[in-house]
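Report on the following structure.
The values are calculated or read from the model by the stated rules, or taken from the named source; none is laboratory data. Note that the coordinates shown come from a computational prediction; the quantities given were computed from them, not determined experimentally. As a convention, Cβ positions derive from the backbone with ideal geometry for all residues, glycine included, and neighbour counts pool all protein chains shown. Just the protein is used for accessible areas: all its heavy atoms, side chains included, with ligands, DNA and RNA removed. Shrake-Rupley method; radii C 1.70, N 1.55, O 1.52, S 1.80 Å.
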Amino acid sequence: MTSPLRPSFPRRPNPPPESSPAILTILNTLQMQPHVEGGYFAETDRDPRLVPSPFPPVPASSDSTSLGNTSKASAERPGFDPAVRNASTSIYYLLTPASPQGNFHRNRGRTVHTLHRGRGRYVVIHADEHEPRVETFVVGQDLAAGEKLQWIVEGGKFKASFLLPDESDGKSSEGLLISETVVPGFEFFDHDFLVRESLVKLVGEERARELDWLVGK
């Protein structure tokens, strides 16, 4: 990163209701709901085929008090068996000016992302490498400028994302809408959030001060 990362839209403890007609149309049409990571989501597919789980038979997170904890998630999805996974799952995911960022988290599965509309920046910590490194890139329609339409985050890497203004005026946004497909399928059992103590261990105190606004509070 050549310059410090800064949010384009402030994160608020109590975000106001969505008011943009375009964003409300997306939320209502796709029947989206708030996501524990930030933003909104709607699951669109859960492959009925089951495959043996390639992951450890213990939860990725030991924090039983956090939102999206594995005990809560397991209770919300009756019949979950840690020995197997659905072959894949897909969701829509949306960031808006009222809910403009997805906080650092990781999944054990591989995630394929596809852009539908809007612009945003992703920050990926390659925590599974011998010397963890930070990667950042913009997703959007300007291919000549290096923006991405599709990107893959392998399992075991922490990622965060935040909304960027639309190119039209540089100040406003009608939301960043993407699809995510997780292979094998998503379970909160395989999911954990990054806490600041772990962020410091991964990237050092100086870089952590730059990135800690992307850690869930």
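Remarks
- Residue within the stretch 164-171 that is on the phi < 0 side of the Ramachandran plot, touching a helix residue (DSSP H, G or I) at 6+ places or on another chain (Cβ under 9 Å) and modelled with pLDDT of 95 or more present: no
- Verdict on PHE189 being closer than 30 Å to ARG77 by Cα, at pLDDT below 95, open to solvent by less than 40 Å² (accessible area, probe 1.4 Å) and in contact with a Lys or Arg (Cβ under 9 Å, 6 or more places away or on another chain): yes
- Subset tally (residues that are assigned to a loop (DSSP other than H, G, I, E, B), open to solvent by 60 Å² or more (accessible area, probe 1.4 Å) and not polar (S, T, N, Q)) for the stretch 1-44: 10
- Looking only at the stretch 170-186, and only at residues there that are under 25 Å from ASP212 (Cα atoms) and more than 16 Å from the chain's Cα centre (by Cα), the one that is most open to solvent (accessible area, probe 1.4 Å): LYS171
- Put simply, of LEU163, LEU199, LEU214 the only residue that is in contact (Cβ under 8 Å) with a residue 40 or more places away in the chain, over 15 Å from GLU37 (Cβ atoms) and either open to solvent by less than 40 Å² (accessible area, probe 1.4 Å) or aliphatic (A, V, I, L, M) (or both) is LEU199.
- Only residues that are farther than 17 Å from LEU164 by Cβ and either modelled with pLDDT of 95 or more or in contact with a strand residue (DSSP E or B) (Cβ under 9 Å, 6 or more places away or on another chain) (or both) were counted across the stretch 129-147, and they come to 3.
- Yes/no for ASP63 being modelled with pLDDT of 95 or more, open to solvent by less than 80 Å² (accessible area, probe 1.4 Å) and charged (D, E, K, R): no
- Among the residues of the stretch 187-215, the ones that are within 30 Å of ILE23 (Cα to Cα) and over 16 Å from the mean Cα position of the chain (by Cα) come to 1 in all.
- Filter result for GLY102 (at pLDDT 95 or above, touching a His at 6+ places or on another chain (Cβ under 8 Å) and crowded, with 21+ Cβ neighbours inside 10 Å): yes
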